Amino acid sequence: MAGNFLHNSLTMKKNKYGWGIYSTTFIPKNTLIERAIMYKMFNVDGNENPHLFTWSDDRKLWAGGTGLTPFYNYSDKPNIKKIGDLPNYILHIYTIKDIEPDEELVSTYFSKKWRKCFQDF
C-alpha cells in the first residue's frame, strides 16, 4: 500500500515555522486528506528532532513519515486530526472541520507536553 494524499487540494507554503500545508480548495469536515506510511527510526532522539513521530505507547519508538506528514504545523485550535495505526505503520489524517481555500492545516501534537523540541511552541 502506498501513502497518498489529495494532490489537487493541498500545497506547501513558507510560513513563520518554515513550511506549512495549505488547502487550495474547500475541503469538507471528516475528509481523509492523507494516508502516510510510517517507518521506524533507529539511533535517534525524538525529544531533539521535531520531525519524528512518537510511535509507541511507551515513548521509546520513533518513526518518520512519508508525504506531507513532517509539515503539518501545531495549533491549539486544530483543523485536522492524526490517527495512528501503530501495528501497521500507517498514519491517517482527517479534517475535523471544514477547511477553506488557502487555510493552513494544523493539528495538536500528542507529545507536545513532554518533548523538549516542542517547548517553545
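Just so you know, all these numbers are worked out from the coordinates, no wet-lab data involved. Note that the coordinates shown come from a computational prediction; the quantities given were computed from them, not determined experimentally. Please note: Cβ atoms are built from the backbone with ideal geometry, for glycine as well, and neighbour counts cover all protein chains shown.
Overall, the range 25-67 carries a charge dipole of about 180 debye about its Cα centre when +1 sits on the Cβ of Lys and Arg and -1 on the Cβ of Asp and Glu, all other atoms neutral. Would you mind counting up the charge near N79? Only other residues with Cβ under 15 Å from its Cβ, with Lys and Arg at +1 and Asp and Glu at -1. Around N79, the charge tally is -2. Counting neighbouring Cβ atoms within 10 Å and putting the fewest first, the residues K81, K29, K16 line up as K16, K29, K81. Counted residue by residue at 0.36 nm each, then reduced by the alpha carbon distance between them, the extension gain from Y17 to K77 reaches 20.0 nm. Here each label is just a point 7 Å from Cα along the line to Cβ, and for H51 and N8 those points are 3.0 nm apart. Each of W62, W19 was scored by other Cβ atoms within 10 Å of its Cβ. Listed from fewest to most, they are W19, W62.
Summing Lys and Arg as +1 and Asp and Glu as -1 over all other residues whose Cβ lies under 13 Å from the Cβ of K29 gives a net charge of -1. For K14, a cut-off of 16 angstrom between C-alpha atoms picks up these aspartates and glutamates, skipping any fewer than 8 places away in its own chain: D102, E103, E104.
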